[in-house]
Structure formats: structure tokens, C-alpha cells
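The values are calculated or read from the model by the stated rules, or taken from the named source; none is laboratory data. Worth saying up front: this structure is predicted, and the values here are computed from it rather than measured. Ideal geometry is used to build each Cβ from the backbone, glycine not excepted, and the neighbour counts take in all protein chains shown.
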Amino acid sequence: MPQHLGSLTYLVRDYDEAIAWFTGGLGFELVEDTPVAPGKRWVRLRPPGAQTEATCLLLGRAVTPGQESVVGRQGGGRVFLFLHTDNFARDHAAMTERGVRFVETPRRESYGTVAVFEDLYGNRWDLIELSVRP
């Protein structure tokens, strides 16, 4: 199998609130939630319809002051993650209905349709439907 990113650590304040937001707000699938030590869990989520080998978010509960200080600022104020879709209108409407906060109206760019939203901690994401597939 060629190389691919398996998981991306995503810092959270609380596992359960993050699981609820990602599954309820974005419709993500909970792939795994396994206790590994007292207060530590192996929690992986992926977008709906993603293939088995797709990159997952690996929730990491912030436990040090340094980690806590970057929850919600993992992208330094820039768009941090890019959620690709095959149907922008469908997913934008569903996410909006489920309470996801978009910080701008959808816009058409040369590469596709996109809008920025914030997750439960304030990290910025792009919801994007590419007009040209890579």
C-alpha cells in the first residue's frame, strides 16, 4: 500500500464533548473509542463515507498548560483543516441545520465552492467542493 496519513492529532478539552460535536455537528463516524490508561483514550473519528484508509482525527485530550493553550488555535488563526465534499449545497445545509457556525457565506472560487466554519473550539475549517478533482 502506498504511504498515507493515518491519523492527525486534534487537541480537545474533553473527549465526550468533542465526540458529540463531531458526530452530531459534522456527521462524523466514531471509528474507535478505547481506554488506554486512566484518563486517556484512543478516539478516532472520520468524515461520513470516508474510506477505511482515510485520514482520521485522533482526539488528544489536552493535559498540560501548553496543550490547553492551543486548543482552538491549532492553525494559528488560519484555516486548519479542509473538509472535502462531493456536494457542497447538501453538506452546508445539513451542517447549518445541525448548528455548525459558518463565519462567511459560501463563495465560488476558481478551484471550487468553499465556506469557512468554526468547530466547537474555534478552529477554522474549509468546507470545500472542488470543481476540478486532483
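Observations, loosely collected:
- Scope the stretch 79-95; condition exposed (fewer than 15 other Cβ atoms within 10 Å of the Cβ) and without any contact (Cβ under 8 Å) to a residue 40 or more places away in the chain; matching residues: Ala89, Arg90, Ala93
- Residue that is farthest from Glu118 (Cα to Cα), among those in the stretch 20-31 that are in contact (Cβ under 8 Å) with a residue 24 or more places away in the chain and not in a helix (DSSP H, G or I): Val31
- Of the set (1) in a loop (DSSP other than H, G, I, E, B); (2) outside the structural domain of Glu118 (by TED's automatic domain parsing), all apply to Asp86 but (2).
- Within the stretch 34-66, if we keep just the residues that are surrounded by 14 or more Cβ atoms within 10 Å (Cβ to Cβ) and over 16 Å from the mean Cα position of the chain (by Cα), the residue that is nearest to Asn123 (Cα to Cα) turns out to be Ala62.
- Residue check, Arg108 part of a strand (DSSP E or B), charged (D, E, K, R), out of contact with any Leu (no Cβ under 6 Å at 6 or more places or on another chain) and more than 24 Å from Glu17 (Cβ to Cβ): yes
- Check on Leu11, touching a helix residue (DSSP H, G or I) at 6+ places or on another chain (Cβ under 7 Å), in a strand (DSSP E or B), among the aliphatic types (A, V, I, L, M) and outside the structural domain of Asn123 (by TED's automatic domain parsing): yes
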